[in-house]
1. Once you order the gyration tensor axes a ≥ b ≥ c over the Cα atoms, which shape class does region 111-199 get: rounded for a/c under 1.5, otherwise prolate or oblate by comparing a/b with b/c?
2. How much of the accessible area of region 73-155, probe 1.4 Å, is carbon plus sulfur, in whole percent?
3. Measuring with a 1.4 Å probe in the full set of protein chains, what accessible area per residue, in whole Å², belongs to the chain?
4. Helix-derived [θ] at 222 nm for the chain: sum -39500 (n - 2.57) over DSSP H runs of at least 4, divide by residue count, nearest 500?
5. In a GNM of the chain with a 10 Å cut-off on Cα contacts, which of Leu253, Leu121, Leu184 has the highest mean-square fluctuation?
6. If the elastic network links every pair of Cα atoms under 10 Å, which of Lys73, Lys115, Lys166 fluctuates the most in the Gaussian network model of the chain?
7. For region 206-259, which whole percent of the accessible surface, found with a 1.4 angstrom probe, sits on carbon and sulfur atoms?
8. Put a dot 7 Å past each Cα toward the Cβ at Asn71 and Thr124; how far apart are the dots in nm?
Amino acid sequence: MVYGTVYHIIHGNPFNLKALVDKWPDFNTVVVRPQEQEMADDLDYYTNTYQIYSKDPQNCQEFLDSSEVINWKQHLQIQSSQSHLNKAIQNLASIQSFQVKRAENILYVTSETIKRLFPSLLDTKNLSPGNGKPKAINQDMFKLSSLDVTHAALVNKFWLFGGNEKSQRFIERCIKYFPSSCVLGPEGTPASWTLMDQTGEMRMGGTLPEYRAQGLVSFVVYSQDQIMKKRGFPVYSHTDKSNTAMQKMSYSLQHLPMPCAWNQWKCVPK
């Protein structure tokens, strides 16, 4: 998550983010967060989002406790691939007096990204047979396209972490600045879609109920994968542990589950 977010910072920084480290150049902990002027709404935890990576998660609590690093008085969320950060965050919840709700999901990374960034984790025995490409779609009925800002309400309706006004504004911003993929149905509106957020993650995917089980999401995810790969992004996503359909789809496209998890901590002051 930190890698993908820093990639966005280097390439235009459309979300106006900054990276903080505990020391330089031999840092242990890095926190990527929006600039202060971006975090004007104390209740908007979609904007007030922090990505954290630490080489020493057991001893990063003091750095995270600083008000110059994290504004604990706001509604916010923390994202990390390091489950070990949970202890520090729970300790800070007691110190700073906030409630915390954690989501821990399966982190998937494409085999090509694994090969490029951390080849030691690529076990070819775990890859699905074939070339990792989806089945063709009925092009007389469906058309590959990209999302428009006017489609944000539809994406928001089906997003597990969305469904409110603030999440829709966040989705609109992601569609405006980052590449997205969708297939348009016979009505000319998205039947299946996925997009990218400010961490470079492929997420917020969905398919209208009447078009499910037709391989549309596989086609859309593969299309987005190709776009991101051409632009040099690490290609990764997360899936709920109970969502077996998306897990099967990830396997078929040769996206591999990582030994670490996708973690999100939603923090609300008491």
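The values are calculated or read from the model by the stated rules, or taken from the named source; none is laboratory data. As the structure is a computational prediction, the values presented were derived from the model and not from experiment. All Cβ positions, glycine included, derive from the backbone under ideal geometry; neighbour counts span all protein chains shown. With ligands, DNA and RNA removed, areas are computed over all heavy atoms of the protein, side chains included. Shrake-Rupley method; radii C 1.70, N 1.55, O 1.52, S 1.80 Å.
1. Taking the square roots of the gyration eigenvalues as a ≥ b ≥ c, region 111-199 is oblate.
2. Working: 2440 of 4930 Å².
Carbon plus sulfur share of accessible area: 49 percent.
3. Ligands and nucleic acids excluded, the result is 50 Å² per residue.
4. Helix-only estimate at 222 nm: -8000 deg cm²/dmol.
5. Between Leu253, Leu121, Leu184, it is Leu121 that shows the largest mean-square fluctuation.
6. Result for the chain, Cα springs under 10 Å: Lys115 fluctuates most.
7. Ligands and nucleic acids excluded, carbon and sulfur give 56 percent.
8. Each label point is offset 7 Å from its Cα along the Cβ direction, giving 5.1 nm.
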